[in-house]
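Chemist: The structure's right below; bear with me while I get my questions together.
The values are calculated or read from the model by the stated rules, or taken from the named source; none is laboratory data. All of these numbers come straight from a predicted model, not from anything done at the bench. Because the Cβ atoms are built from the backbone with ideal geometry, glycine has one as well, and the counts that use them run over all protein chains shown. Ligands, DNA and RNA are excluded from the accessible area calculation, which covers all protein heavy atoms including side chains. Shrake-Rupley method; radii C 1.70, N 1.55, O 1.52, S 1.80 Å.
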Amino acid sequence: MAAPTNDSEPTTPRHEQPADPPRPPAAGARPPRERPAAGPDRERAAAAPGDPGPQGTPTAADRCGTGRVAVLRRFAAAARRGRGPHLASCAVLLAVALTAGSIAAGGARDGGREPAPAGGAFAAGALTGGDLAAGTRALREHLRVQPRDHGGWATLGTAYVEQARTEGDPSRYPQAERALARSLALEPDNDPALAGQAALAAARHDFTGALELADRALEQNPYSERALCSRIDALVELGRYEEAARAAVTADRRRPGVPVFTRYAYVRELRGDVRTAREVLGRALESASSPADVAYVATALGRLAWSQGDYGSALTHYARALAADEDHLPALEGRARAQAASGDRAGAVETLEQVVARSPLPGPLVALGELYEARGGEGDRAKADDQYALVDAWTSLARVGGVDVDLDTALAAADHGDAGEALRAARAEWDRRHSVHTADALAWALYVNGRHQEALPLARRATATGYRNAVFLYHRGMIEKAAGLDRAARDSLTAALELNPGFSPVGAAAARAALEDLGVAR
């Protein structure tokens, strides 16, 4: 049964813009704040396993470095030698090594749309001036002294979720789960912990659970920014776009600010309203005050510009993001994609190599692998295969951390792996949620398995909301071509290349080749 909604305010009908898109608060204005947690209790208690370590001693996962990538490479090599129980046991051992701090963790986040920060204002740098690792260490030290501070445990749990997001380290999720459970044991139904659990569930791709937890948090505090944002995220990922639009309007009325504005913009983009999405993001950037907020919103603007083929604007937005935060990896990844699309593939490779050395996530790994493929130099095929093997390693690790990675698996395997595994994963994800992304993934997996007629209605469904995505159009065009619908295929493939001719070095080349086969010169 669907979770109850909290959207009692008037809502916007389908495909109608609200009379006034979200506007930033006036200078100096403050939206209603979340209710503060109760004051810390000085009673001492023993820390649970996996909770704060020795006072003042950072774990290895707090230190930057490339050790995690090296371990992933060793795991990927082992995975190529064996599957099944052996692969699962290797992943468990790798997760234990990461959680125990036996290797160092590096920097950041993935490709495509950068997920909005799980913690709203928290993610913009509320901990220790924006230094998340230092803030997390300070929290652990605080909780060793005052272990019954339920608000501190809730904040620590959400910090771990954010670290997992920014570092690409799923081993943080069990730590987050324990910290949030500790908070709720100390103070049942406290809304910061429930909202943190909603963010954790969303990060693990349990969007049904995220929606239920966000609703529980909003019952306790209807103005919880984190819960309002997690609720929008869950509805979007479940493919419930009408409800997501209403939730975005509600969140904008209750807690206007950068986290809500960026989600509102994405909901509009998914419905084909790129103009409003760009306008809202522009207003959000004007209102952004912290470097983290500036970097986040400018990156969102860069991604939107790139997706519409405006590479000059994309590079300008990414430059602004990196001027605010030179280590913002989503901006570096986005800049690399824009560089590649603009013809600077050497610069793109160099930038992506920096990104994956610090955060080996599926998006940048696949992007780098495809750039190696397109370059086609000596050893580039092996380099590309190495990136795709690292995707397999990361997804195995993520599963151990409780993350549903079927969508990542389906997309990577369909293009660069096992077609049968791609279809299995895509079907599993489609059984859980019907979003445009899962429709596209299942359509493409069916296509690479030669099941073109089954793929066709799903490919059409993926583009039915008006979402302007060149990859979706490319997939649809290739499926239409395989199904013998030459005119439709020409239209779809031409639309993909006109919208964003640099959407993928491999995919764009395949689209041009298909059009030539159809008698269209590109």
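Chemist: So if we plug the beta-carbon distance of Arg487 and Val145 into 1/(1 + (r/R0)^6) with R0 = 45 Å, what FRET efficiency do we get, rounded to 0.05? Before the final figure, lay out each step's value.
Modeler: Details: r = 71 Å, r/R0 = 1.57.
Once the sixth-power term is evaluated, E becomes 0.05.
Chemist: 7 Å from Cα along Cα→Cβ at both Ala134 and Ser342: what's the point-to-point distance in nm?
Modeler: Taking the simple label geometry, Ala134 and Ser342 are separated by 3.3 nm.
Chemist: Residues of segment 431-478: accessible area per residue at 1.4 Å, in Å²?
Modeler: Details: 1880 Å² over 48 residues.
Heavy-atom SASA per residue in segment 431-478 reads 39 Å².
Chemist: Follow-up. Could you calculate, for segment 360-509, the ratio of the Cα radius of gyration to the Kirkwood radius, expressed as Rg to Rh? Please report the intermediate quantities before stating the final value.
Modeler: Values: Rg = 15.2 Å, Rh = 15.7 Å.
Computed over Cα atoms, the ratio is 0.97.
Chemist: Also, quick follow-up: At 0.36 nm per residue, minus the direct Cα-Cα distance, what do Glu498 and Arg253 gain on full extension? Give it in nm, one decimal, please.
Modeler: On the way: separation 245, 0.36 × 245 = 88.20 nm, distance 3.73 nm.
Separation in residues times 0.36 nm, less the Cα-Cα distance, equals 84.5 nm.
Chemist: While we're looking at this one, here's another question. Normalized C-alpha radius of gyration of segment 263-324, against 2.2 N^0.38 Å? Could you put the intermediate results ahead of the total?
Modeler: Details: Rg = 10.8 Å, N = 62, 2.2 N^0.38 = 10.6 Å.
Normalised Rg, Cα atoms only: 1.03.
Chemist: Relative contact order of segment 272-425, please, whole-number percent, based on alpha carbon pairs below 8 angstrom and at least 6 residues apart. Don't jump to the answer; show the numbers that get you there.
Modeler: Working: 175 pairs, mean separation 18.5, N = 154.
Computed over segment 272-425, the figure is 12 percent.
Chemist: I've got another one for you. Hey, what's segment 296-387 come to in accessible area per residue, 1.4 Å probe, Å²? Working shown, then result.
Modeler: On the way: 3370 Å² over 92 residues.
That works out to 37 Å² per residue.
Chemist: So, one more: Starting from the Cα-Cα distance between Glu516 and Gln453, subtract it from 0.36 nm times their residue separation and give me the gain in nm to one decimal. Don't skip to the answer; put the middle values down first.
Modeler: Details: separation 63, 0.36 × 63 = 22.68 nm, distance 2.28 nm.
Computed gain between Glu516 and Gln453 is 20.4 nm.
Chemist: Rounded to whole Hz and in sequence order, give me ³J(HN,Hα) for segment 282-290 from the Karplus expression 6.51 cos²θ - 1.76 cosθ + 1.60, θ = phi - 60°, writing x for Gly and Pro.
Modeler: Karplus values, whole Hz, x for Gly and Pro: x, 5, 4, 5, 4, 8, 5, 10, 8.
Chemist: On to the next question. Can you compute 3J(HN,Hα) from phi for each residue in segment 248-262, using the Karplus curve 6.51 cos²θ - 1.76 cosθ + 1.60 with θ = phi - 60°, rounded to whole Hz and x for Gly and Pro?
Modeler: 5, 5, 4, 4, 5, 6, 8, 9, x, x, 3, x, 6, 4, 5
Chemist: If one computes the Cα centroid of segment 444-522 and of segment 303-347, what distance in Å separates the two points?
Modeler: After rounding, the separation between the Cα centres reads 25 Å.
Chemist: Efficiency by 1/(1 + (r/R0)^6): what FRET value for Arg381 and Arg424, r their Cβ-Cβ distance, R0 = 25 Å, to the nearest 0.05?
Modeler: About 0.45, to the nearest 0.05.
Chemist: For segment 303-401, what % of the accessible area comes from carbon and sulfur atoms, probe 1.4 Å? It would help to have the intermediate numbers written out before the result.
Modeler: Working: 1700 of 3630 Å².
Carbon with sulfur: 47 percent of the solvent-accessible area.
Chemist: Using only protein heavy atoms and a 1.4 Å probe, report how much of Thr351 is accessible, in Å² to the nearest 10.
Modeler: Rounded to the nearest 10, the figure is 10 Å².
Chemist: Accessible area of segment 459-522 with a 1.4 Å probe: how many percent of it is carbon plus sulfur?
Modeler: Here carbon and sulfur together make up 46 percent of the probe-accessible area.
Chemist: Still on this structure, please answer the following. Put Tyr318, Tyr241 in order of accessible area, largest first, 1.4 Å probe: what do you get?
Modeler: Result of the area sort, largest leading: Tyr241, Tyr318.
Chemist: Mind putting together the pair-distance distribution for segment 195-269? All Cα pairs, 5 Å bins, whole percent per bin, short to long.
Modeler: 3, 21, 31, 27, 16, 2, 0
Chemist: What is the spin-label model distance, in nm, from Asp327 to Glu242 if the labels are put 7 Å beyond Cα along the C-beta direction?
Modeler: The two pseudo-label positions are separated by 4.6 nm.
Chemist: Same structure again: Per 0.36 nm of contour for each residue apart, how much would the distance between Ala464 and His434 grow if the chain were fully extended, relative to their Cα-Cα spacing?
Modeler: Working: separation 30, 0.36 × 30 = 10.80 nm, distance 1.27 nm.
Taking 0.36 nm per residue and subtracting the Cα distance, the gain is 9.5 nm.
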